[in-house]
Amino acid sequence: MTQTRIILDTDPGVDDALAILLMLASPEIKLEALTTVHGNVNVEKTTRNALALLEFLNARHIPIAAGCSLPLIKSSLHGGEVVHGASGLGGAVFPEPTIKPLHIHAVDYLIERFLTEPNEISLYAVGPLTNVALAIRKEPRIVNAIKELVIMGGAVRSGGNASPQAEFNIYEDPYAAHIVFNSGIPITLIPLDVTYKCLLTSVDVERLNQIDSPIAKFVRDVTVDYMAHYLKYEGFAGCGLHDPLTVAVVIAPELLSFEEHYVNVDISGGESTGKTFADFMKVSKKPANMKVALDVKGREFVELFIERLKKLSLLNKKEIASG
Ligand code: RIB
Ligand code: CA
């Protein structure tokens, strides 16, 4: 099987962690590296969480490069502690990681990797796009070296989750998203329009926990507060598998319905800043700049997610450090 080689730019983050689990549970994917960015929590915490998670999963061979601590323009962070908890991993508790990040900054690491192996590696971005935008600005040649850029972000027909109109990853750094959306890189967008149709429920989590495994226990611990937030503030009896749905692009593309459109980000600075909009009626006469997932077989994806995590949980437990 030819594996899809992926570098994941991430702000772990509860659903980021679930996406990493799903990638490691999918033989179709070779997870090459993680680059961390500010977002759900500050970059010190997103980096610590990435290190601790890979150590817990006995995946310490996967390098991690730490990235930007602030958005390009805004000087403050909205942060997602209210959703992801103070640590960024909900109720899950990991010991201090013993592994360390690379000494190279994430922006430089992305440039180095993509220029060294042009069109061999895909970039999956599931946090604010600050690292990706700076890499494009610092070394424009990577635009033609990234095989595919898959982004969890945006709300095209859907309302927002960070503002009434904007999705969190885009809202946290709309200027970075504007640079990336207009870069010319081949982009696949996985917006809230589809991720909110992929709700993991506590029943699903308890099905997984029929397996006595540190991984199954981690999934319960990391999601318990996340689900409580969704029920209290969004009325969902579950939590959105936002970042994990990007993995479906490789492991189950048949579950996603894509359309090609010209999509851009509002950076006008007003109420709708961070809003992503698609030119459905082709009135701008601008060519499509991305594939956008606008529908998904959500429950089928959640079932696939659980089945893959069951297999990961059944791995010889000594291979998985105790949680
Ligand atoms: O809007 C959902 C996105 O924002 C996800 O990537 C989640 O981890 C947060 O970063
Ligand atoms: Ca994320």
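Principal axis extents of the Cα atoms in region 1-54, from largest to smallest and rounded to whole angstrom, are 37, 16, 15. Summing charges over neighbours of E303, with a neighbour being any other residue whose Cβ is under 12 Å away from its Cβ, gives +2 when K and R count +1 and D and E count -1.
The shape of region 1-125 comes out oblate: with a ≥ b ≥ c from the C-alpha gyration tensor, a/c is at least 1.5 while a/b does not beat b/c. Summary: within the chain, the longest segment free of trypsin sites (Lys or Arg not before Pro) located in DSSP loops with at most 11 other C-beta atoms within 10 Å is 1-281.
Think of a 1.4 Å ball rolled over the protein heavy atoms: region 200-310 then has 45 Å² of accessible area per residue. Loop-located GluC sites (Glu not before Pro) in region 230-323 (DSSP state not H, G, I, E or B) with no more than 16 neighbouring Cβ atoms inside 10 Å: E271. Summarised in one figure, the compactness ratio Rg/Rh of region 52-161, Cα atoms and Kirkwood Rh, is 0.98. Oblate is the label for region 243-287. Its Cα gyration tensor axes, ordered a ≥ b ≥ c, give a/c of at least 1.5 and b/c at or above a/b. Neighbours of T47 by Cβ distance under 15 Å: Lys/Arg scored +1, Asp/Glu scored -1, total -2. Other residues within the sphere of radius under 12 Å centred on the Cβ of L189, judged by their own Cβ, net out at -4 (K and R +1, D and E -1).
Relative to the longest principal axis of the Cα atoms of the chain, helix 298-313 runs at roughly 40 degrees. Any idea what log10 I(q)/I(0) is at q = 0.24 Å⁻¹ for region 148-251, Debye with uniform C-alpha scatterers and no solvent? The Debye formula, applied to the Cα set alone, gives -1.29. The ellipsoid equivalent to the alpha-carbon distribution of region 175-231 has semi-axes of 33, 13, 11 angstrom, derived from the gyration tensor eigenvalues as √(5λ) and listed largest first.
Would you calculate a helix-derived [θ] at 222 nm for the chain, using -39,500 (n - 2.57) for each DSSP H run of n ≥ 4 and dividing by the full residue count, to the nearest 500? All intermediate terms of the calculation are to be shown ahead of the outcome.
Working: 12 runs with 109 residues, N = 323.
The helix contribution divided over the chain gives -9500 deg cm²/dmol.
Accessible area per residue (1.4 Å probe, heavy atoms of protein chains only) ranks Y226, Y233, Y175 as Y233, Y175, Y226, with the largest value leading. Each Cα pair under 8 Å and six or more residues apart adds its separation to the average, and for region 215-282 the resulting relative contact order is 17 percent. Protein-only accessible surface at a 1.4 angstrom probe places the residues E81, E32 in the order E81, E32, largest first.
With a 1.4 Å probe and every protein chain kept in, tell me what percent of the accessible surface of the chain is carbon plus sulfur. Don't skip to the end; give the middle numbers.
Working: 7100 of 12810 Å².
Ligands and nucleic acids excluded, carbon and sulfur reach 55 percent.
Helix 106-116 and the long axis of the chain differ in direction by around 80°, with both axes built from C-alpha atoms.
In the context of the full set of protein chains, residues of region 1-100 present 35 Å² of accessible surface per residue (probe radius 1.4 Å, heavy atoms only). Based on the Kirkwood approach, the hydrodynamic radius assigned to region 54-116 is 14.4 Å, with every pair of different Cα atoms included. Shown here is the pair-distance distribution of the chain: with all Cα-Cα distances grouped in 10 Å bins from zero up to the longest one, the shares run 6, 29, 39, 22, 4, 0 percent. Take each peptide in 95-102, 166-173, count the other Cβ atoms within 10 Å of every residue, and average; sorted highest first, the result is 166-173, 95-102. Applying 1/(1 + (r/R0)^6) with r as the Cβ-Cβ distance of L102 and K311 and R0 = 45 angstrom yields a FRET efficiency of 0.90. Which value results when the Cα radius of gyration for region 167-321 is divided by 2.2 N^0.38 Å? Relative to the 2.2 N^0.38 Å estimate, region 167-321 comes out at 1.21.
The values are calculated or read from the model by the stated rules, or taken from the named source; none is laboratory data. Model, not experiment: these values are computed from the prediction. Backbone-built Cβ (ideal geometry, glycine too); neighbour counts: all protein chains shown. The accessibility values were calculated without ligands, DNA or RNA, using every heavy atom of the protein model including side chains. Shrake-Rupley method; radii C 1.70, N 1.55, O 1.52, S 1.80 Å.
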